[in-house]
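These notes concern the structure reproduced below.
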Amino acid sequence: MIAFVSGRVAALGPDTAVVEVGGVGLALRCTPGTLASLRPGEPARLSTHLVVREDELTLYGFADDDERSVFETVQTVSGVGPRLAQAILAVLAPDEVRRAVAAEDLTTLTKVPGIGKKGAQRLVLELRDKLGAPVGGASAAPAARIPAQEGWRLQLAEALTGLGWPAREAEAAVDAVAPEAQAALEAGHAPDVAALLRSALRGLSRA
């Protein structure tokens, strides 16, 4: 198993980061929150999980070991594969998953695209003794560095469209979380695109 990759970020796509390791470009599927923390040309270290299928090898990348651990654990639930596991982490940080399962919070779990009430109930039933207590991380990915005040808008819109939301709905979701971003800017901080993404996805799920 490949535990992690460390190298220069060669390219970023809607759901993929290419990291150059020893002259080889490794493509890693990542959540938008993790992608938002990366910059082309800069070094990165991502925890990884390799999924082996008959016709393909897919390497998933994560902001840290905790995110990877939750990714692997939720796949022990019947009917949950790597794509749905990644969708869960695109909407919820690892500790948010733990809290939702511990509290049997089906409303939070059904905010994930592809998870209905029965799926949420199955997650609670099968994960309650596996995920453990929250470890204290507020976010699965570190806050993204934004070079300009409006840079977060472009990153967030691209992340949402990369997840399959129409451009019009993505722009509306960006506008909805703008006050949250503005509050961070007024406090002298760069907006945390990973946190904004989760807020936007929750709003879209409610809509």
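How many Å² of accessible area per residue for the stretch 1-120, probe 1.4 Å?
Numbers: 5370 Å² over 120 residues.
Accessible area per residue: 45 Å².
When the Gaussian network model of the chain links Cα atoms closer than 10 Å, the mean-square fluctuations of 67, 96, 186 top out at 186.
Split the accessible area of the chain by element, probe 1.4 Å, and carbon with sulfur accounts for 53%.
Taking packing as the residue-averaged number of other Cβ atoms within 10 angstrom, the listed peptides 172-179, 154-161 run from highest to lowest as 154-161, 172-179.
Our estimate of slack between residue 180 and residue 42, defined as 0.36 nm per intervening residue step minus the Cα-Cα distance, is 46.9 nm. Hydrophobic, long helices, defined as DSSP H runs whose alpha-carbon span along the helix axis is 18 Å or greater and whose mean Kyte-Doolittle value is at least 0.5, occur in the chain at 193-206. Site pair residue 6 and residue 167 shows an inter-label distance of 4.1 nm when each label is modelled 7 Å from Cα along Cα→Cβ. Each residue was assigned an accessible area with a 1.4 Å probe, and for residue 83 the value is about 150 Å².
When all alpha-carbon pairs of the chain are counted, what percent fall beyond 24 Å?
41 percent
Sorting 171, 54, 104 on solvent-accessible area from highest to lowest, probe radius 1.4 Å, gives 54, 104, 171.
The values are calculated or read from the model by the stated rules, or taken from the named source; none is laboratory data. Everything numeric in this text was worked out from a predicted model, so none of it was measured. Cβ atoms come from the backbone with ideal geometry, glycine included; neighbour counts cover every protein chain shown. Ligands, DNA and RNA are stripped out before the accessible areas are found, and what is left, the full protein with its side chains, is counted by its heavy atoms. Shrake-Rupley method; radii C 1.70, N 1.55, O 1.52, S 1.80 Å.
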